[in-house]
Structures are given as C-alpha cells and as structure tokens.
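Structure first, then comments.
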Amino acid sequence: MPELPTGTVTFLFSDVEGSTELLRRLRDGYAEVMAAHERLLRSAFQGAGGHEINTQGDSFFIAFRKPKDAVGAAVDAQRALARHPWPEEAELRVRIGIHTGKATVVAEDQYVGLAVHRAARICAAGHGGQVLLSQTTQALLEDEEELGELDFSDLGPRSLKNFDRPVRIYQLLAPDLPAEFPELRSAEEGSRGSAELADRHEVADAEDVPPSQEATGRVRVLIVDDQALVRTGFRMILDAEEDMDVVGEAANGKEAVAEAGRLNPDVVLMDVRMPELDGIEATRRLLEDGGVESKVVMLTTFDMDEYVYEALRAGASGFLLKDAPPEQLVDGIRAVCSGDALLAPSVTRRVIEEFVRRPPEAVRTAPPEIEELTPRECEVLKLIARGLSNAEIAQSLVVSETTVKTHVARVLMKTDLRDRVQAVVMAYECGLVQPGEAGSAPAIA
C-alpha cells in the first residue's frame, strides 16, 4: 500500500444524498447504480492521487497531499456523475466536503485527528451535487493559478456537530456544475453517512485520545518542572482561568514525553533544566515524529539562558521567564496556542539575535516548501522573520490586518510550521533573511 500523506493533509468525504429513498425506488436496480457510483468516484479520486482510507455504505473517505488535488478530484467526480446515463428514477447526487489540517497516521493505514471529523461534518452539511470546503482549504487554494475557472462562494460561518465554534464554509464553483443550492443543512439535520464513517474509522484506534482545544474551546496545559512548588504555583494561576485546564504535571523530561503522548495537551510548559532528561531533549523527542500536536513553551530562569538557542532548534514555540507576572503567563499561553505572537520579548529577541549570528551552514538551502509560497507570502514571511506583528505588517504592505492573518496562515500551512517562532527559524536558517538585513535585528512584537 502506498505511504499515506503525513503532517498537513487534505481530507475529502463524499456521501450520496437520499440513498434510502433511492433504494426504495430502484429496488433490484440499486446495487447496479451504487456499483457505477463507486466506480466513477474511485476513478476520479485515484486519478488525482487520492489515497482511499475507508468506505462505508455509499460514503468515501479519501486523503490527498495537496488541496488542489482534492478539489480537482471533486470536480472530476461531479462531472463524471453528471455525464453518466443513470436510470430516469435514479437521480443520483453526491455531496462532497473537503478540509485541510493536521492528522496523525496510526496502524499504517488510519488517521487520527479532528481534521478528519471536520471534513466529514462539512460534507454532512451539504446537498447532493455540492462541493464544500473549509476556510483553511479555500485560503490555500486562493492563489493557485492552476484552478483556472474554478471559484468560491463564501457561505459564512456554520455550526458543525460536536464543534463548539462555527466554521466558515465555502462552496466550490465550476462553470459546468450546479451553483444554486438550498441553505446548508443544520448540525442536527446533516447527513449521517460521512460523519458515521469518520467516527467509526477513528473510534476503534483513538477512543482514549483526550479532546483538544478545538473540540472543547479550552486550552489544555501540561506543566513540566522538577520543583513541586513551581508546578503548584503555575497550576493555581492557570486553574483560575475559565478557558484553561491543567491536565497534568511532570517532574522531568521523561515523564513529560510520556504524559504529553497520553494526555495530548495543547501547550506544554517545559522547564529547561531538569534531572534524567532536560527540557531541550524532551522537546526534541516530543516533536520529532510529528505525532504530537502540542506546542512547547520553554520556562527559563534567567533573561538569557544558554540552552534556549537549542530549544528553538528542538521545536519550541516560545519562551517565558519563571518570574513573569501571572497575566503574562496566561497571555503567553493563549498567544502561543493561537500562533499569533512570539513570547517573552526580553528573551526571544536576544535568542533570535544569537540564532541568526550562527545559523548552521548545512541547512542554508531553502526547503522545497518555500517554492510553493506566492511572492506576497514570501514577503510576509520575511516580515515575520524580522519580528513585525500583524498590525505592523499590514501597515508596511498597506493591506488590512485580516488579509495579513490570512497570508500568515497560508505561510504556516504551506511550510508545515507550527507557529511564527518556527517561521523565524526557517527564514534565517535557509537564508531567506540575513542577519542585519533592513538595518536591524528582529524587533519582537
């Protein structure tokens, strides 16, 4: 079996509208119609490089490496269905939902992650003949020249079953496909086929995986420090916040890796110096296989810890001083969880300055992901690397801050980076930005 896409993956679910009524009308002819439906869709999906993950009844679950491949497959599938000479009483129509996000491969042939369920729920909200996309997928596709005459219609934010926050949904438009459909189906009314396929696919392998912030609306935090008093102090601060849950504690790096794998926290507060396994190596082990979605915030005692440089290389998303005021701790965790800002300016600025003075020569070649960025996205990445905030980037480029946020999201998604800190590291390591360029070192926002 071909190796499944990992990291950022585009998921596609399809589902036949009104299959029960179709069975009632077709009776003995139902099996033949469903066989033709499967043949047409499987051909379209495989032709675009899709990996068939699962099927159930009349629903397909497919994974693609790139959003444009999934969209191409969806259009080809709808066109093939429209051209096929169905029996007059068939009226076979298929809804398709697409979402791009991070997911973990388990057992070599299955995915675990909320991105799977989001794609299924988006599919369930549609009507037969309709292709729906998440805002994330649409944003990644917006600058694709290969899309030609394809376009998008913003259907606005919609509530999806089992998701606390509304999701903005777009409809894919193509010249030879229907464009007018009724209002999207509600969370309770939506089709069950694709949703049940996603649930059944994942539950057997992930029933013990705790929910993440996206599912609960709360930030789940793991505190790692060898001093019990420090852990207790942080827990008291965070437990007082309505949007935060301290899900566990660890006293050393080994415990941190084990607990993070078990608890799936959104943020790990990681002390640098600990016995048995220090915070740097624990961060490296935690993040190196890509199976953990947690972001790591390093806790430092001094304004310039000699180990923090290596923490950046290990994949840390930010830094906080242990003696920071409670409000800075809370705001810092929220910021790194959203990926909107760099942390602890007094630490981060000096760390980045040290980093750019001695980037390893072995990684000076730009990664292939850089080539996927548009000229505007490259420009935004350079400004991120110089430490500009979204507001400052908007002012520099004379665009709205909302537009900047969209560009930043695309940059992180296309380069498969966790957050802005890692974007800074990559930009300097690959030589996209040089130390002292534009007359100054990064001014951290």
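Going by accessible surface with a 1.4 Å probe and the largest first, F152, F13 read F152, F13. Suppose the chain between D416 and R27 were pulled fully straight at 0.36 nm per residue; how much longer would it get relative to their current alpha carbon spacing? Length gained, D416 through R27: 135.2 nm.
Let's test the formula: R0 of 60 Å, r as the Cβ-Cβ distance of W86 and C378. What FRET efficiency results, to the nearest 0.05? Here the calculated transfer efficiency is 0.80. Could you pull the accessible area for T402 with a 1.4 Å probe, rounded to 10 Å²? It works out to around 100 Å². Per residue, the accessible area of segment 31-129 comes to 38 Å² when a 1.4 Å probe rolls over the protein heavy atoms.
Excluding Q227 itself, calculate the net charge of residues whose Cβ lies under 12 Å from the Cβ of Q227, where each Lys or Arg counts +1 and each Asp or Glu counts -1. Spelling it out: positives minus negatives among the neighbours equals -1. FRET efficiency for the pair D239 and D151, taken as 1/(1 + (r/R0)^6) with r the Cβ-Cβ distance and R0 = 51 Å, rounds to 0.60. Label-to-label distance, L277 versus E392, with points set 7 angstrom from Cα along the beta-carbon direction: 3.7 nm. Using a probe of 1.4 Å on the protein chains alone, the accessible area found for D176 is around 90 Å². V267 sits among other residues whose Cβ lies under 10 Å from its own Cβ, and their net charge, with Lys and Arg +1 and Asp and Glu -1, is +2.
By a 1.4 Å probe calculation restricted to protein chains, T232 has an accessible surface near 70 Å², given to the nearest 10. The share of accessible area on segment 1-123 that comes from carbon and sulfur is 46 percent, using a 1.4 angstrom probe. Loop-located GluC sites (Glu not before Pro) in segment 1-78 (DSSP state not H, G, I, E or B) with no more than 13 neighbouring Cβ atoms inside 10 Å: E3.
The values are calculated or read from the model by the stated rules, or taken from the named source; none is laboratory data. Since the structure is predicted, the reported quantities are computational estimates derived from the model, not experimental observations. Neighbour counts run over all protein chains shown; Cβ positions are idealised from the backbone, glycine included. What goes into the accessible areas is simple: the full protein's heavy atoms, side chains included, and nothing from ligands, DNA or RNA. Shrake-Rupley method; radii C 1.70, N 1.55, O 1.52, S 1.80 Å.
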